[in-house]
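Only one structure is covered here, and it is reproduced in the block below.
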Amino acid sequence: MAVKEILKFGNPILKRVSKRVDNIDKEVINLVKDMKDTLYSTTGIGLAAPQIGILKRVILIDLRDDDEPIVLFNPVIAAKIGKDEDIEGCLSYPGYEGKVIRPKKVTVYGLNIKGEKVEYVAEGLLAKAFCHEIDHLDGVLYTDRARKMYKIEEE
């Protein structure tokens, strides 16, 4: 499909709440294709539809390991366990990162690309990615949760 422009920090669309996906139709499948093309044009591991200007509850996560990328519609965090502070960045806020506290473990459910209900129990980086991308669907940026922000120094 196409590589879309990733909206940057300060764009008001990033602060809006996304709408549920009621039908996984051709339009939504094309959105997912655009999200994949866009994500794979970067070094990022996740993308939410609002980051390309589409206010729909769709996330894409690919940790760039051997696992299949995760596409989830209407994702919900059903359970959170523990706390972990780590450094996060965001494709919508290039050149910066921040210290953010996230759950150590989460249970997330939603619909897959076939419209089937799926559940993930995630820890570590995947848990953080789920929290980060789902926050985007609610108009929350990691900068809203960061305890401290850092400008990334070019090497």
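The values are calculated or read from the model by the stated rules, or taken from the named source; none is laboratory data. Everything numeric here is computed off the predicted structure, so don't read it as measured data. Positions of Cβ are generated from backbone atoms using ideal geometry, with glycine treated the same way; all protein chains shown enter the neighbour counts.
Need a quick list: strands (runs of 3 or more DSSP E) entirely within the stretch 75-155 having at least 1 residues that are within 23 Å of ARG64 (Cβ to Cβ) and touching a helix residue (DSSP H, G or I) at 6+ places or on another chain (Cβ under 7 Å).
84-88, 96-102, 105-111, 117-123
Exactly one residue out of ILE70, ILE81 is more than 15 Å from the chain's Cα centre (by Cα), hydrophobic (A, V, I, L, M, F, W, C) and either exposed (fewer than 15 other Cβ atoms within 10 Å of the Cβ) or modelled with pLDDT of 95 or more (or both), and it is ILE81.
On inspection, LYS117 qualifies as basic (Lys, Arg) and out of contact with any Asp or Glu (no Cβ under 6 Å at 6 or more places or on another chain). Against the numbered list (1) under 11 Å from the mean Cα position of the chain (by Cα); (2) exposed (fewer than 15 other Cβ atoms within 10 Å of the Cβ), LYS128 comes up short only at (2). Inspect the stretch 33-55 for any residue being surrounded by 13 or more Cβ atoms within 10 Å (Cβ to Cβ), within 17 Å of ASP138 (Cα to Cα), in contact with a Phe, Trp or Tyr (Cβ under 6 Å, 6 or more places away or on another chain) and at pLDDT 95 or above and give the result as yes or no. No - not one qualifying residue is present in the stretch 33-55. Reported count of residues in the stretch 1-58, each being in contact with a strand residue (DSSP E or B) (Cβ under 6 Å, 6 or more places away or on another chain), assigned to a helix (DSSP H, G or I) and either in contact (Cβ under 8 Å) with a residue 60 or more places away in the chain or closer than 19 Å to TYR96 by Cα (or both), is 3.
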